[in-house]
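Engineer: What follows is a single structure, and I will ask about it in a moment.
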Amino acid sequence: MQRYLLSRFGQALVSIVAVSIVIFVVVRLTGDPMQVLMPPEATQADIAAARVAYGFDKSWPEQYAVFLTHAVQGDFGTSLRFRRPALDLVRERYPYSLLLGGAALLFALSVALPVGVYSAVHRGTGLDYFSRGMAAFGQAVPPFWLGLVLILVFGVIFHVLPTSGIGTPAHLVLPAFTLGWFAVAGLTRLTRSSMLDVLGAEFIKLARLKGLPERQVIWKHAFKNAALPLLTFAALVFVALLNGAIIVETVFNWPGVGLLVIEAVFNRDYPVVQTVVMVLSTMYIGANLLVDVLYAYVNPKIRYA
């Protein structure tokens, strides 16, 4: 058991280090940030002096060593554009991304669970085929395209919902729907398959032979036993929604970390891009690690796998 846990922790640590190396290299391939930050009248001597001040005159291995040393201590650098600690900027924007991700997950669960359960109970009916088709459609539609269509329909044509920014609960409707629609597809299919596995079990047949109402058999007995993989998947989906909100936040001008990282990329703000990617990646890796650890306790067969 200890060997299994140490192995998972080691893999998580290696993954985080690998992400730090990749993002460190990728952001520097975008070009010299001094070319964007310095005013047009700046001379080459001014640009060279600025590069020395920010430490960009050093080799990449030296810069990475400095970045990693400070990151371990919780210092991810200072934003080149805002002249503030990059981690503080992420902390300010993160609650908005958390709100959007939570609303998207709530929407996805409220739609996917009842549709998936009904599709499994009424297998082979028209609604079953329709729900499966909608699940496939949800996974095939790009979020940015869906967002633009919703803006056109509900904002431009009918003028019933705001299409950008924050302020009222109505501002959350379109971005949450756009972000959650992709999750609806996966949750619906998983709910349906989990319910089909449980509905064929002996204890479900026994519950029906006892004369229990069908609603009680479905929701109290079948769904309760099918919910474990759904809860695990929902936790991973929530983290994935936070990571995948970059495009949606850009389309709807939602002031979360997704929009922050897009602005940082355009301005070649290395510290901010690195901080956002490291924070979101660590969350995703941490969620997967937590699931692995919980599985090790729940299912003894995989403890020493």
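Engineer: Contact list please: Cβ distance under 8 Å, first residue in the stretch 136-160 and open to solvent by 50 Å² or more (accessible area, probe 1.4 Å), second residue outside any helix (DSSP H, G or I) and not aliphatic (A, V, I, L, M), pairs at least six apart or on different chains.
Structural biologist: If the second residue must be outside any helix (DSSP H, G or I) and not aliphatic (A, V, I, L, M), the pairs left are 143/244; 154/163; 156/163.
Engineer: So residue 240 fits all but one of (1) open to solvent by 70 Å² or more (accessible area, probe 1.4 Å); (2) closer than 30 Å to residue 82 by Cβ; (3) part of a helix (DSSP H, G or I); (4) not β-branched (Val, Ile, Thr); what number is the exception?
Structural biologist: Every listed condition holds for residue 240 apart from (1).
Engineer: Among the listed residues 260, 187, 174, which satisfies the condition of being of a type outside the set (D, E, K, R), open to solvent by less than 10 Å² (accessible area, probe 1.4 Å) and either part of a loop (DSSP other than H, G, I, E, B) or in contact with a Lys or Arg (Cβ under 6 Å, 6 or more places away or on another chain) (or both)? Let's see the steps before the verdict.
Structural biologist: Values: 187 fails: either part of a loop (DSSP other than H, G, I, E, B) or in contact with a Lys or Arg (Cβ under 6 Å, 6 or more places away or on another chain) (or both); 174 fails: either part of a loop (DSSP other than H, G, I, E, B) or in contact with a Lys or Arg (Cβ under 6 Å, 6 or more places away or on another chain) (or both).
Of the residues listed, the single one that is of a type outside the set (D, E, K, R), open to solvent by less than 10 Å² (accessible area, probe 1.4 Å) and either part of a loop (DSSP other than H, G, I, E, B) or in contact with a Lys or Arg (Cβ under 6 Å, 6 or more places away or on another chain) (or both) is 260.
Engineer: Considering only the stretch 54-78, state which residues are in a loop (DSSP other than H, G, I, E, B), crowded, with 16+ Cβ neighbours inside 10 Å and either of a type in the set (Phe, Trp, Tyr) or over 32 Å from the mean Cα position of the chain (by Cα) (or both).
Structural biologist: Filtering the stretch 54-78 down to residues in a loop (DSSP other than H, G, I, E, B) leaves 55-59, 73-77.
Those still in the list that are crowded, with 16+ Cβ neighbours inside 10 Å too: 56, 76-77.
Residues satisfying the conditions are 56, 76.
For every residue, the table says whether it meets (1) over 16 Å from residue 97 (Cβ atoms); (2) in a helix (DSSP H, G or I).
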residue	(1), (2)
139	yes, yes
150	yes, yes
153	yes, yes
160	yes, no
165	no, no
191	yes, yes
197	yes, yes
208	yes, yes
229	yes, yes
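Engineer: Right, here's the next one. Of the conditions (1) among the hydroxyl-bearing types (Ser, Thr, Tyr); (2) open to solvent by less than 80 Å² (accessible area, probe 1.4 Å); (3) touching a residue at least 24 places away in the same chain (Cβ under 8 Å), residue 96 fails just one. Which one is it?
Structural biologist: Single failed check for residue 96: (2).
Engineer: May I ask you to list the residues in the stretch 5-47 that are closer than 23 Å to residue 290 by Cβ, surrounded by fewer than 16 Cβ atoms within 10 Å (Cβ to Cβ) and of a type in the set (Ser, Thr, Tyr)?
Structural biologist: If the condition is that a residue be closer than 23 Å to residue 290 by Cβ, surrounded by fewer than 16 Cβ atoms within 10 Å (Cβ to Cβ) and of a type in the set (Ser, Thr, Tyr), then 7 is the only one that fits.
Engineer: Which residues, taken from the stretch 35-48, are part of a loop (DSSP other than H, G, I, E, B) and over 17 Å from residue 265 (Cα atoms)?
Structural biologist: 39, 40, 41, 42, 43
Engineer: Could you pull out the residue among 178, 125 that is of a type in the set (S, T, N, Q) and closer than 24 Å to residue 279 by Cα? It would help to see each step written out before you state the result.
Structural biologist: Values: 125 fails: closer than 24 Å to residue 279 by Cα.
From the options 178, 125, the qualifying one is 178.
Engineer: Is there a residue in the stretch 164-171 that is at pLDDT 90 or above and buried (at least 18 other Cβ atoms within 10 Å of the Cβ)?
Structural biologist: Step one: of the stretch 164-171, the residues at pLDDT 90 or above are 169-171.
With buried (at least 18 other Cβ atoms within 10 Å of the Cβ) added as a condition, the list becomes 171.
Within the stretch 164-171, one or more residues are at pLDDT 90 or above and buried (at least 18 other Cβ atoms within 10 Å of the Cβ).
Engineer: For the list (1) part of a helix (DSSP H, G or I); (2) among the acidic types (Asp, Glu); (3) in contact (Cβ under 8 Å) with a residue 40 or more places away in the chain, I need the number of the one condition that residue 32 fails.
Structural biologist: For residue 32, the exception is condition (1).
Engineer: Just checking, which of 91, 51, 83 is part of a loop (DSSP other than H, G, I, E, B), open to solvent by 50 Å² or more (accessible area, probe 1.4 Å) and without any contact (Cβ under 8 Å) to a residue 40 or more places away in the chain? I'd like the intermediate steps shown before the answer.
Structural biologist: Details: 91 fails: part of a loop (DSSP other than H, G, I, E, B); 51 fails: part of a loop (DSSP other than H, G, I, E, B).
Residue meeting the stated conditions: 83.
Engineer: For the stretch 1-35, what are the residues that are touching a Phe, Trp or Tyr at 6+ places or on another chain (Cβ under 8 Å) and not hydroxyl-bearing (Ser, Thr, Tyr)? Step through it out loud before you land on a result.
Structural biologist: Step one: filter the stretch 1-35 for residues touching a Phe, Trp or Tyr at 6+ places or on another chain (Cβ under 8 Å), giving 1, 3-4, 20-21, 24-25, 27-28, 32-34.
Once the filter is applied, which keeps residues that are touching a Phe, Trp or Tyr at 6+ places or on another chain (Cβ under 8 Å) and not hydroxyl-bearing (Ser, Thr, Tyr), the stretch 1-35 yields 1, 3, 21, 24, 25, 27, 28, 32, 33, 34.
The values are calculated or read from the model by the stated rules, or taken from the named source; none is laboratory data. Fair warning: this is a prediction, and the values are worked out from it, not measured in the lab. Methodologically, a virtual Cβ is constructed for each residue, glycine included, from the backbone with ideal geometry; neighbour enumeration extends over all protein chains shown. All accessible areas refer to the heavy atoms of the entire protein, side chains included, with ligands and DNA or RNA removed. Shrake-Rupley method; radii C 1.70, N 1.55, O 1.52, S 1.80 Å.
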